[in-house]
Amino acid sequence: MDKADIKSMTLEELGRAFQAQGLPGYRAKQVFHWVHRGVESFKEMTDLSRELRGGLGEDYRIPSVKAVDKRVSRDGTVKYLFQLGDGELVESVLMHYHHGYSICISTQVGCKMNCSFCATGRSGFSRNLLPSEILGQVQSAQLDAGVRISNIVLMGMGEPLDNFQNVLRFLELVSHPEGMNIGMRHISLSTCGVVDRIYELAEKKLQLTLSISLHAPNDEIRSQTMPVNKRWNMGELLKACRHYARETGRRISFEYAMISGVNDMDWCARELTKKLRGMPAHVNLIPVNDVTGAGYKRSSSACLKRFVEILEAGGCTATVRRTLGSDIEASCGQLRRKYKGGNGHEG
Ligand code: SAH
């Protein structure tokens, strides 16, 4: 029989499993604490008897998320390359802001969405990450850096809403008071617009920040760069966002990568303002990184400034996102599958 992934189990599940094995109730909490502190083996659970540690090792496994490479940017941003139990590799980025440490983590090995400006989809999709593997990125980075991570953004490799159940479970685990205890208000989930799942997520009424990768003011431009727009168009997406904001009482964050001559014209800002009217929204502008060889050029800072002004004049708050870690390819859209021994050529 396959060993159960203990780090993907909730405290309640662990309690029930331990009870069925005849272990006293307090053991579940004790083991949960160890697992969520990021130990890699049962041997490290030093306040358990040797016999119990051995028994746990026979029934359960702790999936590993091991840092095999680490690059530090001039601005202090750290990019980790993590290897999973089956050899697959994912990247995470640890950033230092004035309010503390924030980590950008991956939810899939690769991605199916194929946005034209993003490197992640280029080398295809391999598999979903387990809840424990999503969590393990936060734990491993925290242990390695020796700092407390206070914020999480699900903006690394993959589409979180395409790995919905595992992501939900990750959210439950990482915010658990007996676990890492990182509150939902400190977590952002970014999606390219998987509309059906946005409705499902709204029902959970979580207090996390939903971030939508919009990148266009209309269907014509959006369908050129984001294939997902052909499945759910902007009208359907924005309707889901309005519903989400109503259900959760949370403001929606929109990501907009500014690409020179593609989506950064003044009329784009005006059209976007109109589309977002009446919705509690904030727009984050990101100068695009050309990572796919598509020849995308980033908009000038004057252009970014004007775009913000037009949005704000229309009643929509907007900011330009600071780019961190671009010298180590740790910025938005630059994360991709690496191959062992290779240096990350694009497939
Ligand atoms: N699949 C999810 C999570 C990935 S988040 C999503 O699409 O939201 C990564 C963020 O970086 C997304 O907002 C994505 O659109 C953005 N991004 C991707 N490539 C980029 C690039 N070349 N320049 C700037 N931002 C980019």
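Annotations for the structure displayed:
- Looking across the range 131-180, the residues that are among the polar types (S, T, N, Q) and closer than 28 Å to Y199 by Cβ come down to S132, Q137, N151, N163, Q165, N166, S175.
- Test: residue in the range 110-128 that is modelled with pLDDT of 95 or more, of a type in the set (K, R), within 15 Å of the ligand (Cβ to nearest atom) and open to solvent by 20 Å² or more (accessible area, probe 1.4 Å): yes
- Taking the criterion of being within 16 Å of the ligand (Cβ to nearest atom), within 25 Å of I286 (Cα to Cα) and free of Cβ contacts under 8 Å to residues at least 60 places away in the same chain, the residues of the range 164-196 that qualify are I187, L189, T191, G193, V194, V195.
- Residue that is touching a Lys or Arg at 6+ places or on another chain (Cβ under 7 Å) and part of a strand (DSSP E or B), where the choices are V68, V90, V109: V109
- Criterion: at pLDDT 95 or above, more than 16 Å from the ligand (Cβ to nearest atom), closer than 21 Å to L237 by Cβ and not in a loop (DSSP other than H, G, I, E, B) - qualifying residue of A318, A302, A269: A269
- Residue, farthest from the ligand (Cβ to nearest atom), within the range 197-214, restricted to residues that are open to solvent by 60 Å² or more (accessible area, probe 1.4 Å) and not in a loop (DSSP other than H, G, I, E, B): E203
- Within the range 215-250, the set of residues being at positive phi and within 15 Å of the ligand (Cβ to nearest atom) comprises H215 only.
- Being surrounded by fewer than 15 Cβ atoms within 10 Å (Cβ to Cβ) and on the phi > 0 side of the Ramachandran plot is a property that G293 has.
- Criterion (at negative phi, at pLDDT 95 or above and crowded, with 19+ Cβ neighbours inside 10 Å) met by exactly one of P160, P177: P160
The values are calculated or read from the model by the stated rules, or taken from the named source; none is laboratory data. Quick caveat: nothing in here was measured; it's all calculated off a predicted structure. No Cβ is skipped: glycine too gets one built from the backbone with ideal geometry, and neighbour counts run over all protein chains shown. Each accessible area value is taken on the protein alone, full model and side chains, heavy atoms only, with ligands, DNA and RNA left out. Shrake-Rupley method; radii C 1.70, N 1.55, O 1.52, S 1.80 Å.
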